[in-house]
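Below is one structure, written out as structure tokens; comments come after it.
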Amino acid sequence: MVRLPLTPEEVERGQRLGALLRLARGERSMLDTALAARVSPETLRKIETGRVATPAFPTIAAIADVLGLSLDAVWTEISRPEGGVGPVESRHYARERLAS
């Protein structure tokens with residue numbers, strides 16, 4: 001099966017997802033997080049770096065659960081309009097949004 005190239009929007013959404021997960025992981029090790037979510041550390045690394053822009057839903061659900069993120073919060077953050085404030089631009093603001 002041939003995979004279609006990702007759109008620029010999908011690539012950007014994947015980068016926002018990776019930034020969000022890195023922020024939420026904080027000081028927790030990538031290995032501990034991956035093992036708790038039952039995904040490989042390599043998979044988590046690829047998602048966090050944006051190399052896997054469209055990870056499978058169960059993978060994201062498992063990682064979000066381990067990090068204490070609701071899927072609604074994840075979707076809201078990665079679907080924000082281009083140029084909106086996100087974890088890369090304002091970590092403090094993003095933490096407040098994720099906590100609510």
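The values are calculated or read from the model by the stated rules, or taken from the named source; none is laboratory data. All values reported here derive from a predicted model rather than from experimental measurement. Quick reminder, even Gly has a Cβ in these numbers, built from the backbone with ideal geometry, and neighbours come from all protein chains shown.
Looking across VAL52, VAL11, VAL39, VAL66, one residue alone is over 13 Å from the mean Cα position of the chain (by Cα) and not small (Gly, Ala, Ser). It is VAL39. Is it the case that ARG16 is under 17 Å from GLU77 (Cα atoms) and not aliphatic (A, V, I, L, M)? Taking the combined requirement at face value, the residue satisfies it.
Residue pairs whose Cβ atoms lie under 7 Å apart, sitting 6 or more positions apart in sequence or on different chains, and linking a residue in region 44-60 that is touching a residue at least 24 places away in the same chain (Cβ under 8 Å) to a partner that is loosely packed, with under 15 Cβ neighbours inside 10 Å, are ALA53/LEU6; ALA53/GLU10; ALA53/VAL11; THR54/LEU6; THR54/GLU10. Regarding ARG45, is this residue basic (Lys, Arg), under 23 Å from ARG3 (Cα atoms) and either modelled with pLDDT of 95 or more or exposed (fewer than 13 other Cβ atoms within 10 Å of the Cβ) (or both)? Yes; evaluated as a whole, the condition is true for this residue. Tallying residues that are modelled with pLDDT of 70 or more and outside any loop (DSSP other than H, G, I, E, B) within region 58-93 yields 18.
Of the residues making up region 9-33, those that are surrounded by 15 or more Cβ atoms within 10 Å (Cβ to Cβ) and either of a type in the set (Lys, Arg) or free of Cβ contacts under 8 Å to residues at least 12 places away in the same chain (or both) are ARG13, ARG16, ARG22, ARG25. Just one residue in the set LEU21, LEU35, LEU4 is of a type in the set (A, V, I, L, M) and closer than 23 Å to ARG80 by Cβ; that residue is LEU21.
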